[in-house]
Amino acid sequence: RIGRAVVGVGGTLTGLAEMIGTIVYAAGQVIRHPSHFRLTSTVHHLEQVCWRAVPIILLITFLIGCIISQQGIFHFSKFGAGVFVVDMLGVLVLRELGVLVVAIMIAGRSGSSYTAELGSMKMREEIDALRTMGFDPTEVLIVPRLLALVIALPVLTFLGVIAALYGGGLVAWLYGGLQPEAFLARLRDVITIDHFIVGMIKAPFMAFLIGTVACVEGLAVEGSAESLGQHTTASVVKSIFFVIVLDGAFAIFFASIGL
């Protein structure tokens, strides 16, 4: 079992590398021949992964901001330093938790959807039919999905950050007695544009990683419903794992350059 697991890790990394190469080649073909770009498909997927995800993203990030603020006030107040909850909330949400929570939500919501869609198409031999008709499945199916995800995740991250800060400020006012004016003044003092930039830079890379993993797992589906379920589960688990690893790598990188 350990040996199979090690081989599986190697196969996953190899599959990711092959998919990235295929996507780069297909993107180059689309750039060379703009008429190959599937605008309608991209807009459709953008509506699915971005617009329809806004309510759940706002709700979850709002609650995360409320919880962080409540816990911070509860513990900081013991030392008479309740105002420092603004520092903690701002840095955590803007740099780490905002983009990480949104990426995990999108991996579970949209990544699994991509895997299931591609896996179902492969089971019905629709991907083979595209090749038979002379179409590149990567151009037709994968590039629009990835582009939509890369556009959607930064937008959702921005909205999620705003919702988390609003939730944290609301709890700080109602639970901690910190007036909104004082909250905003403290937030302006301790937060710089660098914190926001650090969080937003991560978003498109995480989106590309989630989309790539989802497409790899979707194209690996075999001709059974059990295989579809296994690869959909694997897509979510691997996406979340790689997102957390990538976030750690970014944290080390930004710390090393002093950002």
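The values are calculated or read from the model by the stated rules, or taken from the named source; none is laboratory data. Since the structure is predicted, the reported quantities are computational estimates derived from the model, not experimental observations. Note that we place each Cβ from the backbone using ideal geometry, even for glycine, and neighbour counts take in every protein chain shown. Each accessible area value is taken on the protein alone, full model and side chains, heavy atoms only, with ligands, DNA and RNA left out. Shrake-Rupley method; radii C 1.70, N 1.55, O 1.52, S 1.80 Å.
Answer with yes or no whether LEU184 is touching a helix residue (DSSP H, G or I) at 6+ places or on another chain (Cβ under 8 Å) and open to solvent by 50 Å² or more (accessible area, probe 1.4 Å). It is true that LEU184 is touching a helix residue (DSSP H, G or I) at 6+ places or on another chain (Cβ under 8 Å) and open to solvent by 50 Å² or more (accessible area, probe 1.4 Å).
This table checks each residue for (1) surrounded by 24 or more Cβ atoms within 10 Å (Cβ to Cβ); (2) more than 22 Å from the chain's Cα centre (by Cα).
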site	(1), (2)
ARG145	yes, no
TRP173	no, yes
ASP194	no, no
GLY211	yes, no
ALA214	yes, no
GLU217	yes, no
VAL236	no, no
ILE244	no, no
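Of all residues in the range 83-105, those that are of a type in the set (Gly, Ala, Ser) have Cβ atoms under 6 Å from Cβ atoms of residues that are surrounded by fewer than 21 Cβ atoms within 10 Å (Cβ to Cβ) and not in a helix (DSSP H, G or I), 6 or more apart or on another chain, in GLY90/ILE191. Here the range 219-233 is the region considered, the condition is being small (Gly, Ala, Ser) and surrounded by fewer than 19 Cβ atoms within 10 Å (Cβ to Cβ), and the residue that is nearest to GLU125 (Cα to Cα) is GLY223. Does the range 214-231 hold any residues that are in contact with a Gly (Cβ under 7 Å, 6 or more places away or on another chain) and in a helix (DSSP H, G or I), and which are they? Listed by number, the residues that qualify are ALA214, VAL216, GLY218, LEU228, HIS231. Across the range 60-84, the number of residues qualifying as closer than 28 Å to ILE104 by Cβ and open to solvent by 90 Å² or more (accessible area, probe 1.4 Å) comes to 3. Residues in the range 246-259 that are over 20 Å from PRO204 (Cβ atoms), open to solvent by less than 80 Å² (accessible area, probe 1.4 Å) and assigned to a helix (DSSP H, G or I): ALA255 only.
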